[in-house]
1. For region 208-325, with only Lys/Arg (+1) and Asp/Glu (-1) charged at the beta-carbon, what is the dipole magnitude about the Cα centre, in debye rounded to 20?
2. Going down the list LYS356/LYS453; LYS287/LYS430; LYS356/LYS430; LYS70/LYS232; LYS29/LYS154, which pairs span over 32 Å between their C-alpha atoms?
3. Nearest 10 degrees is fine. How inclined is helix 203-220 to the longest principal axis of the chain, computing both from alpha carbons?
4. Sum up the charges of everything whose Cβ sits under 11 Å from the Cβ of ASP378, counting Lys and Arg as +1 and Asp and Glu as -1, but leave ASP378 out.
5. Rolling a 1.4 angstrom probe over the protein heavy atoms, how many square angstrom per residue are accessible across the chain?
6. So what's the angle, to the nearest 10 degrees on a 0 to 90 scale, between helix 421-430 and the longest Cα principal axis of the chain?
7. Given contacts defined as C-alpha pairs under 8 Å and at least six residues apart, what's the relative contact order of the chain, whole-number percent?
8. Once you measure Cβ to Cβ distances between cysteines in the chain, which Cys have no partner under 4.7 Å?
Amino acid sequence: MRIGFKNLIWIFITILDRYLLMKMLYICKVCGYESVKWFGRCPQCQSWNSSEQIRSDRISQKTRHREIPKAQRLSEVSSLSDKRIRTPFSEFDRTLGGGIVPGSLVLIGGDPGIGKSTLLLQVCGCVSDRDIKTLYVSGEESPQQIKLRAERLKIDSRELYILSSTTIEEIEENIERLSPQLLVIDSVQTMRSEALPSAPGSISQISEVTSRIQRISKERHICTFIIGHVTKHGAIAGPKALEHMVDTVLYFEGDTYYTYRILRTAKNRFGPSNEIGVFEMSGEGLKEVINPSSIFIHERRPGDSGSSVVPCMEGTRPILVEIQSLVSPNRVGMPRRTTIGLDPNRASLLIAIISKRLGIDMHDHDIFLNVVGGLRVDEPAADLSVIASLLSSFMERAIREGISLFGEVGLAGEVRGVVHPDLRIREAEKLGFREIILPKSNLQSLSFRGDIKLFGISHIKEIVKKIF
Ligand code: TYD
Ligand code: MG
């Protein structure tokens, strides 16, 4: 057989194309966009200088050649609800939608030093105590350092295995050898794959490591927790695609000045999002706070002007929050408007509504608003309480004891209904409140029956008579 000159050139070009030209790919570090050409600005997400060069044959070779699953009847798929692993931390289970789902991949983000490693080591300790084989992989601490922390947290379980490693290949081998049911990766930014030349923490490494962990946890039904650092804007460092790859995204938040920590669900494929769990950092690790309302209002002094209490909803849970304001005459320069824990635009809007609809002018007053306990309140249901607190401080009169308020306020001063009025009222009653001021429209559709007095109002004009 004779091979023509043309054919020879064609074969040569094919080999060149496969082994030299096609091997290099450029990936956008922010959104994961792929291109064979270098780009200064990503055509997909428009970020500058975000291209990173990698070899195309080295991206998740294993994931490209996996078995094709067969479609099955929905009725034949086994349910996971009764197989969830429950931990002694009911606050932790709550954020996951009622326990850890086997085979699920959970990403936990948070500022450095907030307590992510502590929380997960405690969870590992409790779970492994029930003879569930657990592997805790740390790329940041040595086994001795983890042991030291475990001693402080009084964790001593036979089924808890520790691995100090930063390469995904070593981790995969250990998973195959051990077959754990629970896996913790602390943290994804310290892990790397030997197949990629880039440094740990780079976008291609984070995507590669996460996709390999995802594959192994789904194949072997391992519950996996991945710890991720956050950027200075508060999002988990890595491509946006990272949050889509996992089933659940949790954020561990807290103020360094307070010992309270809040675990917040940002995304959950197995339960409601916006759920929160409250913890307190103590000398012996994290302790759950079963009744958060009481801690956020227990230091309140009812006789003080400018203080009001609102039952806010955090996911499906009501929490009582104290809103404080300080309205004082400004004698020098521009009056100040400062809010902590509240949206400043919403606060300005409410101040304008007070001025226009109640005829109370605060334009020459400094106004400071604060949500106590380092909490953030974003829901409009707090409007009525913010207005009550501003009026109370402006008039230097304390709101009557035992009153709590909730309701959204519109631009015409009308009070609008909010969601879950029953849950809010029940929480306030539980904490000893005797009167609630709420939107009239909510009052009409209420199924709540109790001793607490309810006043439905439809305009903020009615508020002054009721709160003082
Ligand atoms: P850590 O879990 O290491 O934070 P992260 O993994 O999010 O970076 O938490 C470290 C902080 O927690 C550190 O400031 C000390 C504090 N801490 C306690 O107050 N009590 C304890 O029992 C432990 C273990 C830590
Ligand atoms: Mg840590």
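The values are calculated or read from the model by the stated rules, or taken from the named source; none is laboratory data. Remember, it's a predicted structure, so these values are computed and weren't measured experimentally. For neighbour counting, all protein chains shown are included, and Cβ atoms are generated from backbone atoms with ideal geometry for every residue, glycine included. With ligands, DNA and RNA removed, areas are computed over all heavy atoms of the protein, side chains included. Shrake-Rupley method; radii C 1.70, N 1.55, O 1.52, S 1.80 Å.
1. Here the size comes out at about 500 debye.
2. LYS356/LYS430; LYS70/LYS232; LYS29/LYS154
3. 90
4. Net charge in that neighbourhood comes out at -1.
5. Heavy-atom accessible area per residue stands at 51 Å².
6. The angle comes out near 70 degrees.
7. 12
8. Among the cysteines of the chain, those whose Cβ sits 4.7 Å or more from every other are CYS124, CYS126, CYS223, CYS312.
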